[in-house]
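Nothing in this text is a laboratory measurement; each read-out follows from the coordinates by a stated rule. Keep in mind it's a predicted model, so treat the numbers as computed, not measured. All Cβ positions, even for glycine, are placed from backbone atoms using ideal geometry, and neighbour counts span all protein chains on display.
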Amino acid sequence: MKVMIPYPEIILRLCLGALLGGILGFEREAHGRAAGFRTQLIVCLASVLIMIVSENYYYYLHNQDASLRIDPARISAGALIGIGFLGAGVIVKSGYAVRGLTTAASIWIISAIGLAIGGGLYVEGLVTFTITIIALMFLRKLEKRIKTLRYKDLIVSASDGEDMEEMIALIIADTGFHIHAVDYETKPSTDEIIYRFSISSRDRDAKRRLFRKLLETDSVNTIRISG
C-alpha cells in the first residue's frame, strides 16, 4: 500500500517553496520588474501545491484500485503550460528592444523549482535555485560589460540637396554606426526630405555622438533616434 505524503512533509515543502519564490521575487522586485515579490512567491507556492496534489492523488487512487494506471506528471505538465502564458504577459516589444524576457524566464524556472520541491526533490530544486540566483544577481555585472550590437531607427528631416544623404551617411559612419537600410519620404508642398535609417553599433556612446553631430549640421531640421 502506497502511503500519502505526511502533513509535516507537506508543510515543509510549501514553506520552502514560498521562501525560494520570495527570494527570487525580491530580486525581480528590486529591479522594478512587473512580476516581483508576491508574483514569484505565489507561482512557486502554487507549483509546490500542484505537485503535492499530483502525488497524493496518485497514491489515493492507487490504494483504491491498484490496477489503475495513472500518470501523476500530467497535472504538473499542465501547470507548466499555464505558466508559459503567464510569462508571455510580461514580455513587451518596443521597436528593436524586447523587455521582460528575463522576468518571463524567472517565472518559468521558479515554477519548475516549485514542482521539484513539491515532488520532494530538494537537492535538485535548491541547486537550480542557487544557479538561478547567481545568474540574476551576479551575472548582471558581466552582462553589462558585453558589447552588445544595438539597433536604432534614425529619422532625419533635411532640406533637399544632392549631397545630403551622403553627408548624413558619412556622419553616421564617423560616429561608429553601420547602416543596414534607408527609406525616403517627401512632401511635394515642402522642400524637405525625410530619411529613415536602420543603423546598429556596439558602442553605447555612439548614439549621443551621432545626435550632437547631426545637430551641428545646418541643413538638418529635425532628428529622431529610437530603439
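Table for the structure above
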read-out	value
Charged-residue dipole, Cβ positions (Lys, Arg, Asp, Glu), the chain about Cα centre, Debye nearest 20	960
The chain: most fluctuating residue of Leu214, Leu16, Leu80 per GNM, C-alpha cutoff 10 Å	Leu214
Distance (nanometres) between label positions extended 7 Å along Cα→Cβ at Phe211 and Ala30	3.0
Long-range HN-HN contacts of Thr186 with modeled amide H, under 5 Å	Ile194
Acute angle (nearest 10 degrees) that the helix 101-118 long axis makes with the longest principal axis of the chain, alpha-carbon atoms	10
Under 12 Å from Lys187, Cα to Cα: aspartates and glutamates that are on another chain or at least 8 residues apart	Asp160
Angle in degrees between helix 122-137 and the longest Cα principal axis of the chain, rounded to the nearest 10	20
Residue among Thr148, Thr190, Thr128 with the largest mean-square fluctuation in a Gaussian network model of the chain, springs linking Cα atoms under 10 Å	Thr190
Fraction of the pair-distance distribution of region 150-226 above 19 Å, Cα-Cα pairs, percent	27
Cα long-axis angle, helix 37-64 against the chain (0 to 90 degrees, to the nearest 10)	30
Peptide ranges 35-41, 216-222 listed from the most packed, as the mean C-beta count within 10 angstrom indicates	35-41, 216-222
Given charges at beta-carbon only (K, R positive; D, E negative), |dipole| of region 150-226 in Debye	740
Potential lengthening between Arg140 and Ala173 on full extension [0.36 nm per residue; Cα-Cα distance subtracted]	8.8 nm
Answer label for percent of Cα pairs over 34 Å apart (calculated), chosen among [x] 14; [y] 10; [z] 44	[z]
Hits among lysines - C-alpha to C-alpha of Lys93 under 24 Å, sequence gap 8 or more where chains match	Lys141, Lys144, Lys147, Lys152, Lys207
